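The values are calculated or read from the model by the stated rules, or taken from the named source; none is laboratory data. Since the structure is predicted, the reported quantities are computational estimates derived from the model, not experimental observations. Cβ: placed from backbone, ideal geometry, glycine included. Neighbour counts: every protein chain shown. What goes into the accessible areas is simple: the full protein's heavy atoms, side chains included, and nothing from ligands, DNA or RNA. Shrake-Rupley method; radii C 1.70, N 1.55, O 1.52, S 1.80 Å.
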Amino acid sequence: AGADGVKVQIFYSSHFPPPYDAQHKPHEFPRERLGEFVRTAHAYGMSAGASVFDEQAVTLAARECDWIKLAAREQANEELLRSIQNIYNAHYRKKYEGISFVKVYRSISDLKHFKHLPLPGATLFAIQRYPAPLWLSLYWLVRAAAFFKKQRVKWGWSSHTTSIWDGVWAARLGASVLEKHIAMSPQDVEAPHSLQPEKFKQMAERIGKL
């Protein structure tokens, strides 16, 4: 479909408040299979990352993945951000061996949470509505693009629409990374805010022509 990276979410359902803990329980990723996931992604020519929600997940993803993602839900989680920063700093001081990740992508849904991080990667703007209306997404896309350009930083767009157009316009406006959900079938749990493979490919092809 044209994706060049893929990620999993590594969480324990107990991280979420009721009733979301019960809803998330069936979707816990088996942490012992993360290495297998990464190798499979590489076999298909894609980079592999993980959204992390606790310190154990940070350490595991740092050892196995090409990059780490912080969800917008965790934008105020300074402890989680600090754990990533500490591992990254220790690695480059040669005090932490076995690190694989080279970039950190951090989603925010409120521009007041933006901060310059001494880490390679980018900050993504996300609208935490599932699905997010296209008109609202385009409005915030333009605002976020202007904000990040003023800050002179690399930025990205995390899309929760069922349209290709916010993704295409994000690329036109200078986004360096696009996070877009994909569903293998209309019955997938995240299908209401995802693209089917055919539309995802259409989006990737339009972006490729820019």
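From the Cα gyration tensor of the chain, with a ≥ b ≥ c the square roots of its eigenvalues, which class applies: rounded if a/c is under 1.5, or else prolate if a/b is larger than b/c, or else oblate?
Details: a/c = 1.40, a/b = 1.21, b/c = 1.16.
Note, shape of the chain comes out rounded.
Please report the carbon-and-sulfur percent of the accessible area for the chain; probe 1.4 Å, protein heavy atoms only, DNA, RNA and ligands left out.
Numbers: 6130 of 11430 Å².
Looking at the chain in its full context, I get 54 percent from C and S.
Can you compute the FRET efficiency between R152 and K209 using 1/(1 + (r/R0)^6), with r the Cβ-Cβ distance and R0 = 25 Å? Round to the nearest 0.05.
0.40
Collect residues whose amide H, placed 1.01 Å from N in the peptide plane, falls under 5 Å from the amide H of E179; neighbours closer than 5 in sequence don't count.
The answer is W157, S158, S159.
Let me know the shape class of region 33-133, please: from the alpha-carbon gyration tensor, a ≥ b ≥ c as square roots of the eigenvalues, rounded when a/c is under 1.5, otherwise prolate if a/b is greater than b/c, or oblate.
Since a/c reaches 1.5 but b/c is at least a/b, the shape of region 33-133 is classed as oblate.
Report, ordered by chain and residue number, the lysines lying within cross-link reach of K115, taken as a straight Cα distance under 30 Å and ignoring same-chain residues fewer than 8 apart.
K7, K69, K94, K95, K103, K149, K150, K154, K180
Given the Cα-Cα distance of S100 and K25 and 0.36 nm per residue of separation, how much length would full extension add, in nm?
24.2 nm
Calculate for the chain the 222 nm mean residue ellipticity that helices alone would give, adding -39,500 (n - 2.57) per DSSP H run of length 4 or more and normalising by residue count, nearest 500 deg cm²/dmol. Before the final figure, lay out each step's value.
Working: 7 runs with 78 residues, N = 210.
It lands at -11500 deg cm²/dmol.
Just tell me which aspartates and glutamates come within less than 12 Å, Cα to Cα, of K201; anything on the same chain fewer than 8 places away is out.
D4
Given the C-alpha centroids of region 1-15 and region 164-210, what is the distance between them in whole angstrom?
What the calculation gives is 16 Å, centre to centre.
Excluding W165 itself, calculate the net charge of residues whose Cβ lies under 12 Å from the Cβ of W165, where each Lys or Arg counts +1 and each Asp or Glu counts -1. Before the final figure, lay out each step's value.
Working: positive: R172, K180, K199, R206; negative: D166.
With Lys, Arg at +1 and Asp, Glu at -1, the net is +3.
What is the distance, in nm, between label points placed 7 Å from the Cα along the Cα-to-Cβ direction at E55 and at E190?
Inter-label distance under the simple model: 2.7 nm.
Between D4 and E32, what is the label-point separation in nm under the 7 Å Cα-to-beta-carbon projection?
About 3.6 nm separates the two model spin labels.
Quick one: accessible area per residue over region 73-206, 1.4 Å probe, rounded to a whole number of Å²?
Computed with neighbouring chains in place, this is 54 Å² per residue.
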